[in-house]
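Colleague: This is the structure, below, for whatever I ask next.
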Amino acid sequence: MHYFEVVARTQSIRAAAETLHIAPSAVSRAIQQLEEEIEVPLFNRTSRGLQLTVGGETILASMQQWKRETQQLADNVRSLKGTRLETIRIAAVEVATYELVPQAIASVRERVPGLSISLLVGDFGL
């Protein structure tokens, strides 16, 4: 997939091979195998180079989204380093959930990142 991404960016097997420091035949073979595996042509081969097909554009967009989401996940996990994840459970009558409880939750979450809150609302016969 990395070879595909470089070829898509450079629009050339030869330029991609230079970027990747491998033989053009290896890049070409990798692209051909990927096309055979997914049974979709990824590039239109023209005299001006390679241009993505609709299928190639779709795969490239999905790969880019996957990379962004993977980076976001890694960032989220790194931000938890040293953070103790806690869960608190709150029981409240309905009227308290209109303003008081949400304000209290917001205040606590500012001071305790990663806090999970479980809220039970109802008449508890008190």
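Colleague: Could you check how many residues of the range 1-22 are assigned to a helix (DSSP H, G or I) and surrounded by 15 or more Cβ atoms within 10 Å (Cβ to Cβ)?
Modeller: 13
Colleague: On to the next question. Pick from E94, E110, E36: which is at pLDDT 90 or above and not hydrophobic (A, V, I, L, M, F, W, C)?
Modeller: E36
Colleague: Follow-up. What single numbered condition from (1) in a helix (DSSP H, G or I); (2) among the β-branched types (V, I, T); (3) in contact with a helix residue (DSSP H, G or I) (Cβ under 8 Å, 6 or more places away or on another chain) fails to hold for I90?
Modeller: (1)
Colleague: List the number of the failed condition for M63; all other conditions in (1) at pLDDT below 80; (2) part of a helix (DSSP H, G or I) hold.
Modeller: (1)
Colleague: Got a sec? Which of I117, I105 is in contact with a strand residue (DSSP E or B) (Cβ under 7 Å, 6 or more places away or on another chain), in a helix (DSSP H, G or I) and without any contact (Cβ under 8 Å) to a residue 40 or more places away in the chain?
Modeller: Working: I117 fails: in a helix (DSSP H, G or I).
The match here is I105.
Colleague: Further question on the same structure: Only residues that are in contact with a strand residue (DSSP E or B) (Cβ under 9 Å, 6 or more places away or on another chain) and in a helix (DSSP H, G or I): list them for the range 23-57, please.
Modeller: I31, E35, G56
Colleague: Being free of Cβ contacts under 8 Å to residues at least 12 places away in the same chain and surrounded by 11 or more Cβ atoms within 10 Å (Cβ to Cβ) is the filter here, so list the residues in the range 80-101 that pass it.
Modeller: Going through the range 80-101, the residues free of Cβ contacts under 8 Å to residues at least 12 places away in the same chain turn out to be 81-82, 95-96, 98-100.
Passing the criteria: A96, L100.
The values are calculated or read from the model by the stated rules, or taken from the named source; none is laboratory data. As the structure is a prediction and not an experimental result, all values here were calculated from the model. Here the Cβ is made from the backbone with ideal geometry for all residues, glycine too, and neighbour counts use every protein chain on show.
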